[in-house]
Amino acid sequence: MRRDLKNLDDPIIKDVLDLLIPIQDPELGLSIVDLGLVYDIRYDLEKKEMEIDVTLTTPYCPWGDAMLNQIEEVVKGYKGIDKISINVVWDPPYNPMEMAEDYIKEMIGLY
């Protein structure tokens, strides 16, 4: 399931998105957050656990592992989180027309 994370009134999710914004899709050179590749963020501060659902632009993305490692590195230690699970999900399938920010759509010629 994909949630509209940017419009949630949750300061922790907003903080995590801010941490993830600098991470770029290696092929496109654009933020994974702005591309809409971050589908969900769930956390339990008492258990010090966080789970992040992401997708890739294609199942055959050769940079997927590197991107997942970057996500884990930037989130590790946030608010004492010591267990991070990064899940690659394919449902719903990635569709930049629906998921990417408007400026991204314009940059890649979807407008």
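Between the helical axis of 64-75 and the dominant principal axis of the chain, each derived from Cα atoms, what acute angle in degrees is found, rounded to the nearest 10?
Helix 64-75 and the main axis of the chain meet at about 40 degrees.
Mind checking which aspartates and glutamates have their Cα closer than 15 Å to the Cα of Lys76? Skip sequence neighbours fewer than 8 apart in that chain.
Asp15, Asp18, Asp44, Glu49, Glu51
May I ask for the angle, rounded to the nearest 10°, between helix 11-20 and the longest principal axis of the chain, with both axes built from Cα atoms and the value confined to 0 to 90°?
Helix 11-20 sits at roughly 60 degrees to that axis.
At a Cα cut-off below 18 Å, give the lysines reachable from Lys6, other chains included and same-chain residues fewer than 8 away excluded.
Cross-link targets: Lys14, Lys105.
Using alpha-carbon positions, what is the distance between the centroids of the range 1-36 and the range 45-105, in Å?
Answer, in whole Å: 8.
Looking at the range 5-106 only, what percent of DSSP beta bridges run antiparallel? Nearest 5 please.
Of the beta bridges lying entirely in the range 5-106, close to 55 percent run antiparallel.
FYI, it's all coordinate maths here, none of it is from the lab. Keep in mind it's a predicted model, so treat the numbers as computed, not measured.
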